[in-house]
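The values are calculated or read from the model by the stated rules, or taken from the named source; none is laboratory data. This structure is a prediction, so every number in the text was calculated from the model and none was measured. Cβ: placed from backbone, ideal geometry, glycine included. Neighbour counts: every protein chain shown.
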Amino acid sequence: MGVKVKDIISPEKISFRDLDGKIIAIDAANTIYQFLSSIRQTDGTPLMDSSGNVTSHLSGLLYRISSIVEKGIKPIFIFDGKPSPLKSETLNKRNEIKEKSEKQWKIALKEGDEESARKFATRTSRMSTYIIETSKTLLNLMGIPYVEAFGEGEAQATYMVQNGDAWAVASQDYDCLLFGAPRILRNLTLSGNKNDLEYYKLENVLNNLKISREQLIDLSLMVGTDFNPGIRGIGAKTALKIIRSKTLEEYLIEKNETLGRHPYELRDLFLNHEINKDYNIKWEKVNKEKLIGFMCDEHGFSKERVLTAEKKMEKINSPQNSLDAWF
């Protein structure tokens, strides 16, 4: 979900050509959820193999990864670790929405309303152990490295960009700005249309808003993040005006408001998030035989389509597959 600051920031122009040769740290959960939500049949049923296992995520990963690699991009996927206890309220609300949507989906199906059924179905996606593990299996077979975060994947991806191991973070959420990501890409894995790409440079975002990163965090805490509900009636534009004139603490005291937690504790989640620094990044050749076995034999994908995707991965198969070769 992420923080809602879209109303006060604007993307810069960028094209896939600009990303040729760039290493991109991709928010795995964010990306997989996109595929689970969007790759469905007309009645909202996800893609499944003959055994009833969901395969929407595998379809999305296979074709999107091969497409961006063909464009010269080197992807690294970052998986979430254990969520902060402060995120429990957000996670509970998301589960409530999923449960309600599942009931509405069934009702719409029973009434033969496919349009409504699909709308409700897109809100029911869940990140199960099966989804995560099969995603990692596919990445391994495609030769794509992944890193497991201790906490938030966006924080881990941000660190990797700050550390010079990647050029930008790819995620639909603006939280990456709060974690301090120097560069962010949106819609990288959502669409192959160059016009959909969005690029944000943290330095420019802060300069345009005339605030510091710490103030951006405070602004976001007022609006609401995954770790706190925010202040009722405060949107991004209003929060920006407030934070330019006074500190968050001053406003809370003045209006007798609360964030549920002390601002320092919430800020610390973004400023000092626990990071996994022990990771190894290496791209491998596509394991063609095992890829076909996994996708076609186990999950019923078309061999022709899998081979088409494998063909697009040729750049990964080049001798220069170490990290240094791509900077």
Residue among ILE26, ILE65 that alone is at pLDDT 95 or above and not in a helix (DSSP H, G or I): ILE26
Considering each residue of the range 269-289, count those that are over 21 Å from the mean Cα position of the chain (by Cα), surrounded by 13 or more Cβ atoms within 10 Å (Cβ to Cβ) and part of a helix (DSSP H, G or I), and give that number. 1
Could you list, in sequence order, all residues of the range 127-168 that are among the charged types (D, E, K, R), assigned to a loop (DSSP other than H, G, I, E, B) and under 14 Å from the mean Cα position of the chain (by Cα)? GLU152
Scanning for something more than 29 Å from PRO85 (Cα to Cα) and either of a type in the set (Phe, Trp, Tyr) or part of a helix (DSSP H, G or I) (or both), does the range 245-260 turn up at least one residue? yes
If you go through TYR200, TYR159, the only one that is in contact with a Pro (Cβ under 8 Å, 6 or more places away or on another chain), touching a residue at least 40 places away in the same chain (Cβ under 8 Å) and crowded, with 18+ Cβ neighbours inside 10 Å is TYR200
Search the range 1-12 for residues being out of contact with any strand residue (DSSP E or B) (no Cβ under 7 Å at 6 or more places or on another chain) and of a type outside the set (S, T, N, Q), and hand back the single one that is surrounded by the most Cβ atoms within 10 Å (Cβ to Cβ). VAL5
Report yes if some residue within the range 40-62 is over 20 Å from THR122 (Cβ atoms), free of Cβ contacts under 8 Å to residues at least 40 places away in the same chain and more than 16 Å from the chain's Cα centre (by Cα); otherwise report no. yes
Residues of the range 137-189 classified as more than 18 Å from ILE14 (Cβ to Cβ) and of a type in the set (S, T, N, Q), total: 6
Looking across the range 83-126 at residues that are polar (S, T, N, Q) and out of contact with any Ser or Thr (no Cβ under 7 Å at 6 or more places or on another chain), the single one that is nearest to HIS57 (Cα to Cα) is ASN95
All positions within the range 67-99 that are of a type in the set (Ser, Thr, Tyr) and surrounded by 20 or more Cβ atoms within 10 Å (Cβ to Cβ): none
Identify, by number, the condition in (1) over 30 Å from GLU89 (Cβ atoms); (2) modelled with pLDDT under 95; (3) in contact with a Leu (Cβ under 8 Å, 6 or more places away or on another chain) that GLY44 doesn't meet. (1)
Out of the residues in the range 100-132 that are among the hydrophobic types (A, V, I, L, M, F, W, C) and more than 16 Å from ILE32 (Cα to Cα), which is surrounded by the most Cβ atoms within 10 Å (Cβ to Cβ)? ALA117
Collect the residues in the range 187-206 that are at pLDDT 95 or above and among the basic types (Lys, Arg), keeping them in residue-number order. LYS201
If we keep just the residues of the range 207-230 that are crowded, with 20+ Cβ neighbours inside 10 Å and of a type in the set (Gly, Ala, Ser), which is modelled with the lowest pLDDT? GLY224
